[in-house]
Amino acid sequence: MDFTEQSPVILSLCPGMRGLERGFDRACDQLGWRKHTTAAYVEIEAFIIWNLVKQMEQGVLAPAPIWSNIKTFNGAPFHGKIHGIFGGYPCQPFSVAGQRKGTEDP
C-alpha cells in the first residue's frame with residue numbers, strides 16, 4: 001500500500017502513552033509517508049484515558065472514540081476501514097519501575 005498519498009489508519013488497543021504510535025510515525029517520517037490516523041482507542045486505565053482526552057482537547061491528537069473495555073469492544077464497524085492494529089502489552093508486571101510480579105500481577 002502506498003502511504004505517500006494516504007495516511008495509514010490504525011486501531012489502537014491498550015495504547016498506554018502511545019509509544020508504538022509515535023515510533024511508527026517516526027518511521028513514516030523516514031520513509032516519506034504521512035503520519036497515521038487513529039480510528040479508535042481501546043484503553044482501560046483511567047489516567048491514560050484522561051491523558052488521551054486532554055491531548056484531543058489541546059489539539060495534540062485528532063479526536064477519536066475511546067472504548068474502556070477490550071472485552072466488550074466490537075471491532076466489526078472498523079472491518080475494511082483500517083490498515084493495521086497497534087496493541088500495547090501491559091509492561092507494569094515486568095517493569096523495574098513496578099513490583100515485578102509478572103504473571104501474578106492483576
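Before moving on, here are some points about what is shown:
- Looking only at segment 1-60, and only at residues there that are within 11 Å of the chain's Cα centre (by Cα) and among the acidic types (Asp, Glu), the one that is farthest from residue 77 (Cα to Cα): 21
- Of the residues making up segment 34-65, just one is in contact with a Leu (Cβ under 6 Å, 6 or more places away or on another chain) and either open to solvent by 30 Å² or more (accessible area, probe 1.4 Å) or in a helix (DSSP H, G or I) (or both), namely 55.
- When each of 95, 12 is tested for being open to solvent by less than 50 Å² (accessible area, probe 1.4 Å) and in a loop (DSSP other than H, G, I, E, B), the lone residue that passes is 95.
Conditions (1) closer than 17 Å to residue 13 by Cβ; (2) aromatic (Phe, Trp, Tyr), marked per residue:
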{"site": "60", "(1), (2)": "no, no"}
{"site": "69", "(1), (2)": "yes, no"}
{"site": "78", "(1), (2)": "yes, yes"}
{"site": "87", "(1), (2)": "yes, no"}
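- Matching residues, segment 70-92, being closer than 21 Å to residue 19 by Cα, assigned to a loop (DSSP other than H, G, I, E, B) and touching a strand residue (DSSP E or B) at 6+ places or on another chain (Cβ under 8 Å): 70, 82, 83, 88
- Among the residues making up segment 82-92, those that are modelled with pLDDT of 80 or more and open to solvent by less than 100 Å² (accessible area, probe 1.4 Å) are 82, 83, 84, 86, 87, 88.
- Residue 24 fulfils the conditions (1) assigned to a helix (DSSP H, G or I); (2) farther than 16 Å from residue 8 by Cα except for a single criterion, (2).
The values are calculated or read from the model by the stated rules, or taken from the named source; none is laboratory data. Worth saying up front: this structure is predicted, and the values here are computed from it rather than measured. Methodologically, a virtual Cβ is constructed for each residue, glycine included, from the backbone with ideal geometry; neighbour enumeration extends over all protein chains shown. For accessibility, only protein heavy atoms count, side chains too; no ligands or nucleic acids. Shrake-Rupley method; radii C 1.70, N 1.55, O 1.52, S 1.80 Å.
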